[in-house]
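Shown next, in structure tokens, is the structure this report addresses.
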């Protein structure tokens, strides 16, 4: 019988417990992100309606702390804003800033707190923010806390998925697809819960449900911490990893990711119209009767925000199966080509909306046009968003992994700022022209991404 020295046993890492072929930690991160996204998308589903139908109407608007200063700041750049335009600017700025602060949160995690503690701080801050939003006069304070909390939380939950796998483990792409499904399970249920509460009971109850969702996510994370590997800061403190400088190949990878961030910004600038102008289209220009003349029950406006996450859950297995089949035949598109395809599908979704607007001038278009729009834009998202997350996890140097994940998420910051500005034209442009504008922006960014494929392909492959 061979005797293994105890020292050798101590050096042999225990194989992590698995569930359905993946480390059990993926289930913990799946559940945590699912409830955090329930919180975020529940609040987002009611935000534009809350602003345009309630908060920004006088005399209530005058009682909101910071209302005059913030409106004056926006108008110093844009000129006078009506209620819809001011709401669009608030929506775009908020949804932009929640994707800017992850860059800062990533730096804090990489250098000081580590990913675990940073996630916990973010979760507590966001839960407090949702409950603050229940008080109309504290609306802008609530938004500020959400922006800060999301910055701590978002990049550091995503990078921990990659930490579960060895660098050469081929399961990482599938892991991010599973993780992305978790995001959208939460995003699917949140408009149904928070949106229904907001429309039928009161907006403050919608925010309350979002706060409860955030607390649920935090508890899952705390109870599942033992299933997650130590982050880099913890490994450095335990002297199980040493610092090393970035080399030339690392900097090439960083450059490639930064270049891809440029067109990706414009993907989000048009994609995020879903919660802004598309929500207003559903409210004001859509025949929401389920089957006109037969079943006249109307689909609640906020429920349309559940279409996209439901379709992501439904379509992800089909897309992953397609890619696996293409891989066996040697015809699977490269990462950058997939992203370019995503842009073209995004552009096609807005062509559908332009046709809907053209086919119903001055009237109400069937809600089935929105179903077609959400189906097409969801396919575009599946070709871009989870692919981008997995790409950063594979390519970014470990010394700045959370920061680079934050930088990738920051494309939504610039995109949402642009989105808010684009949205101001919704009330003053012909709707056909507005949707064609969105389609043109997406298509142009897709061409730029496709052109990047050739110079970046060897860098990303290496």
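The values are calculated or read from the model by the stated rules, or taken from the named source; none is laboratory data. What you are looking at is a predicted structure, and each value in this text was computed from that prediction instead of being measured. Here Cβ is always computed from backbone atoms with ideal geometry, including for glycine, and neighbour counts include all displayed protein chains.
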**Request:** Would you tally the residues in region 345-363 being farther than 23 Å from residue 382 by Cβ and either assigned to a loop (DSSP other than H, G, I, E, B) or touching a strand residue (DSSP E or B) at 6+ places or on another chain (Cβ under 8 Å) (or both)?
**Result:** 6
**Some residue of region 392-400 being within 23 Å of the chain's Cα centre (by Cα), surrounded by fewer than 22 Cβ atoms within 10 Å (Cβ to Cβ) and not in a helix (DSSP H, G or I)** = yes
**Request:** For region 197-238, name all the residues that are at pLDDT below 90 and either surrounded by 14 or more Cβ atoms within 10 Å (Cβ to Cβ) or touching a strand residue (DSSP E or B) at 6+ places or on another chain (Cβ under 6 Å) (or both).
**Result:** 199, 227, 228, 229, 230, 231, 232, 233, 234, 235, 236
**Item:** Output for region 165-204, where each listed residue is assigned to a helix (DSSP H, G or I) and free of Cβ contacts under 8 Å to residues at least 12 places away in the same chain
**Value:** 200
**Prompt:** Can residue 34 be described as surrounded by 20 or more Cβ atoms within 10 Å (Cβ to Cβ), in contact (Cβ under 8 Å) with a residue 40 or more places away in the chain and more than 22 Å from residue 403 (Cβ to Cβ)?
**Reply:** yes
**Prompt:** If you check residue 361 against the conditions, is it under 30 Å from residue 163 (Cα atoms) and more than 22 Å from the chain's Cα centre (by Cα)?
**Reply:** no
**Asked** Among the numbered criteria (1) in contact with a helix residue (DSSP H, G or I) (Cβ under 7 Å, 6 or more places away or on another chain); (2) closer than 22 Å to residue 264 by Cβ; (3) surrounded by fewer than 24 Cβ atoms within 10 Å (Cβ to Cβ), which single criterion is violated by residue 424?
**Response** (2)
**Prompt:** Could we say that residue 434 is touching a residue at least 40 places away in the same chain (Cβ under 8 Å), part of a loop (DSSP other than H, G, I, E, B), under 14 Å from residue 277 (Cα atoms) and in contact with a helix residue (DSSP H, G or I) (Cβ under 8 Å, 6 or more places away or on another chain) here?
**Reply:** no
**Request:** Output the residues belonging to region 204-221 that are within 23 Å of the chain's Cα centre (by Cα) and farther than 18 Å from residue 154 by Cβ.
**Result:** 206, 207, 208, 209, 212, 219
**Which listed residue, of 138, 133, 143, is farther than 15 Å from residue 213 by Cα, touching a helix residue (DSSP H, G or I) at 6+ places or on another chain (Cβ under 6 Å) and buried (at least 20 other Cβ atoms within 10 Å of the Cβ)** = 143
**Asked** Of these, 389, 407, 456, which one is under 28 Å from residue 154 (Cβ atoms), assigned to a helix (DSSP H, G or I) and more than 24 Å from the chain's Cα centre (by Cα)?
**Response** 456
**Prompt:** Which residue out of 262, 295 is within 22 Å of residue 456 (Cα to Cα) and surrounded by fewer than 18 Cβ atoms within 10 Å (Cβ to Cβ)?
**Reply:** 262
**Message:** Quick check on region 410-419. Is at least one of its residues under 17 Å from residue 346 (Cβ atoms) and without any contact (Cβ under 8 Å) to a residue 40 or more places away in the chain?
**Reply:** no
**Asked** Are any of the residues in region 129-136 more than 25 Å from residue 62 (Cβ to Cβ) and either in contact (Cβ under 8 Å) with a residue 12 or more places away in the chain or in contact with a strand residue (DSSP E or B) (Cβ under 7 Å, 6 or more places away or on another chain) (or both)?
**Response** no
**Asked** Being out of contact with any helix residue (DSSP H, G or I) (no Cβ under 8 Å at 6 or more places or on another chain), within 25 Å of residue 134 (Cβ to Cβ) and at pLDDT 90 or above, is that true of even one residue in region 17-35?
**Response** no
**Prompt:** Can you name the condition, by its number, that residue 134 falls short on among (1) within 20 Å of the chain's Cα centre (by Cα); (2) under 25 Å from residue 205 (Cβ atoms); (3) not in a helix (DSSP H, G or I)?
**Reply:** (1)
**Message:** It is to be established whether one or more residues within region 374-397 are without any contact (Cβ under 8 Å) to a residue 24 or more places away in the chain and farther than 18 Å from residue 335 by Cα.
**Reply:** no
